[in-house]
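A short reminder: the numbers here are calculations on the coordinates, not readings from a lab. In this text the structure is predicted, and so the values were computed from the model without any measurement. We place every Cβ from the backbone using ideal geometry, glycine too, and count neighbours over all the protein chains shown.
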Amino acid sequence: MLARFGQDGQTAYVAIAVGQISADIHVIEVKNMDVGMVTLDARGYGVVEGIYFDTDKATLKAESASAIGEMAKLLSDRPKLSVYVVGHTDMQGEYAHNRTVSENRANTVVEELATEYEITRERMRGYGVGSLAPQASNSSDAGRAKNRIVVLVAR
């Protein structure tokens, strides 16, 4: 028997196998990934959660330290990995301005990784795409917040 259970945003799977001599029961709980943890999917793409900037600036906020540290850990653990660090913005304001802000933010992350964590600059390139690749709708504050992100793309 295989069953899926869900309650309060949590999901668990139960597998029960019964034989003549023995029975096996397996329970698998699905948990959300820790915020700030940095991984790349099979395409070499990963959204880095937990990087924050001052409004309309490329100044990293102090609460970004954990996420930057996780990026550094990924790059340290995979010394042959080179990445594009891509900054994104929401759609408020003019595109040209947002693209510049997003590129400055990406380059700030590259600089932080290079100076504070000694990740070789040649392994990282900062780019900004402004509001061209939204992750959510820009019609609400919550959606716009999801669009102000930094993404890693393996190159």
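Structure notes:
- With 0.36 nm allotted per residue and the present C-alpha distance subtracted, the Glu111-Arg78 stretch has 10.0 nm of extension available.
- Here each label is just a point 7 Å from Cα along the line to Cβ, and for Glu63 and Gln10 those points are 2.6 nm apart.
- Mean residue ellipticity at 222 nm, helices only, the chain: -9000 deg cm²/dmol; runs of at least 4 DSSP H residues each add -39,500 (n - 2.57), and the sum is divided by the number of residues.
- Crossing angle, helix 95-117 versus the chain [Cα axis fit, 0-90 degrees, rounded to tens]: 70
- Cα-based helix-to-principal-axis angle, 65-77 vs the chain, degrees rounded to 10: 80
- Relative to one another, the C-alpha centroids of region 40-55 and region 98-155 are positioned 7 Å apart.
- Once the convex hull of all Cα atoms in region 12-93 is built, its volume per residue stands at 183 Å³.
- With eigenvalues of the C-alpha gyration tensor scaled by 5 and rooted, region 33-154, Å: 23, 15, 13
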